[in-house]
Amino acid sequence: MFEAQTTKSGSVLVSGASIAGPALAYWLDRYGFDVTVVERAGAIRGGGYPIDVRGTAIDVVERMGVLSQLRSAHIDTRKLRFVDADGNAVATVTPESLSGGVTNRDIELPRGELSSVLYDLTRDREVRYRFNDCIDALHDDGAGVDVRFRSGMQQRFDIVIAADGMHSNTRALALGPEAPFNRYLGFCFNLFSLPNDLGLSHEAMIYAEPGRLAGVYAVGDSPTLLAFLNFATDEPPFHSNTDVDRQRRRTAKIFSHGGWEIPRLVAAMQRADDIFFDTVSQIHMPRWSSGRVALVGDAAHAPSFLSGQGSSLALVGAYVLAGELAAHADPVDAFASYERIARPFMESNQALASREGGTLLMPRTQQELDARNAALAAMQTLGNAPSYSEHSRQVHNSLRLPDYSRWLREEQRK
Ligand SMILES: Cc1cc2nc3c(=O)[nH]c(=O)nc-3n(C[C@H](O)[C@H](O)[C@H](O)COP(=O)(O)OP(=O)(O)OC[C@H]3O[C@@H](n4cnc5c(N)ncnc54)[C@H](O)[C@@H]3O)c2cc1C
């Protein structure tokens, strides 16, 4: 039997507690929904690679009241140093000149820190978290969704939202398997950490050969560096993303030769116990909902890290989805409205990755590498960003947030 769920505006199950999940939970709770978040991991995962909050997403975190808290976690990466095989600088530029971001407005912080801030916000409220569990089956009968969890528990909710990332299992249950929605961008990445023996601080060093990219990222003054060994391949190894040893061997073989610090990075990767391997892909869905189940964040429209916009899109999507659910009695109408408002913004941000991100960050051929070096040199000499970064800036800010404040619970209106 399914356990009945008490409702305020309605009961919502959110799958995933990274960025989109807790942000959505926060807003839904403020609009009077009864919110449960289920997360596969045992706890909020701290640390991680740096992500960005910029453009329209700055307005979202400001409305959530955490802007200054996030600002104090800003890691302040000051330069990106592109080097040649001998470690000599090809060009040194600011992160903003590449991303189109805005110095002193954008925030860069480890993904896990943003998650923790959002989680803490919701913990102070009435949001329930269920860690170490996930959805095994869904049945949407038009009036509600019966959910069976891996733990064996069964419960009925008015609405279910997939915020469980690019490889969302909730999306697979409601809208089908990932393959037709995954747009592979031709690269794989391999992230891991190593001791900061290079003495770097607030900077990244990046070395490219055609089809191969190696680098280290000094997150603030951290004693560890985040390293990456990324490579181009036409054959995406989707089938073995979770087989870490296989990916370790494959990456070591691809980087068995090369300049700069590649041998040292390969040795560190062989020892690392925190390898994160995946394809560089986007998610493109023909629709973001099916009945009473909807998608938010990477599950709906992962833009890939080449855009640098995934976290900002997750925050903006969560804000709009919660607001539209508050504004409509019927979730199906709310989902349609959410998609109408947010889709153009999400798609134009996704397009940034294919427009300049690919060739600039991951040149595949010597010709692309030469073009990248020329573009970087121009950025450095001119001291200002080329026109595509102005274009990126416009896209980052291209959604004007709707005002949903009249739907806030009476006692929470300011
Ligand atoms: C290497 C890398 C670098 C990046 N760099 C940047 C950057 O510079 N700037 C930027 O803005 N973005 C960046 N991103 C993208 C950014 O991390 C994502 O876009 C963002 O985290 C999306 O948030 P999300 O909440 O939608 O999904 P995710 O962060 O992917 O979170 C999904 C959550 O769901 C949980 N989960 C998964 N499956 C289940 C399940 N079946 N049941 C329950 N829970 C589940 C996961 O444990 C996780 O907590 C980068 C991503 C990667 C991989």
Only one of A336, A342, A327 is surrounded by fewer than 21 Cβ atoms within 10 Å (Cβ to Cβ) and within 20 Å of F181 (Cβ to Cβ). Can you tell me which? A336
By residue number, the members of the range 53-71 that are buried (at least 20 other Cβ atoms within 10 Å of the Cβ) and small (G, A, S) are G55, A57
How about the range 152-174: which of its residues are away from the ligand (no atom under 14 Å from the Cβ) and either touching a strand residue (DSSP E or B) at 6+ places or on another chain (Cβ under 8 Å) or at pLDDT below 95 (or both)? Q154, Q155, R156, F157, D158, I159
Quick one: which of H328, H284 is more than 13 Å from the chain's Cα centre (by Cα), away from the ligand (no atom under 12 Å from the Cβ) and under 25 Å from S392 (Cα atoms)? H284
Pairing a residue in the range 222-250 that is outside the structural domain of P263 (by TED's automatic domain parsing) with any residue that is modelled with pLDDT of 95 or more and surrounded by fewer than 14 Cβ atoms within 10 Å (Cβ to Cβ), where Cβ atoms lie under 8 Å and the two sit 6 or more apart in sequence or on different chains, gives none
Kindly indicate whether R111 is basic (K, R) and within 16 Å of the ligand (Cβ to nearest atom). yes
Every residue from the range 251-304 that is assigned by TED's automatic domain parsing to the domain that holds F345 and assigned to a helix (DSSP H, G or I): D298, A299, A300, H301
Do we find that P50 is near the ligand (Cβ under 10 Å from one of its atoms) and either surrounded by fewer than 16 Cβ atoms within 10 Å (Cβ to Cβ) or modelled with pLDDT under 95 (or both) in this structure? yes
Close pairs from the range 303-324: first touching a residue at least 12 places away in the same chain (Cβ under 8 Å) and more than 11 Å from the ligand (Cβ to nearest atom), partner outside any helix (DSSP H, G or I) and of a type in the set (S, T, Y), Cβ under 9 Å, at least 6 apart: Y319/Y404; V320/Y404; A322/Y31; A322/Y404; G323/Y31; G323/Y404; E324/Y404
Here is a list: L173, L226, L213. Which entry is closer than 29 Å to V38 by Cβ and either among the charged types (D, E, K, R) or assigned to a strand (DSSP E or B) (or both)? L226
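The values are calculated or read from the model by the stated rules, or taken from the named source; none is laboratory data. None of the values given here were measured: they were computed from a predicted structure. Here the Cβ is made from the backbone with ideal geometry for all residues, glycine too, and neighbour counts use every protein chain on show.
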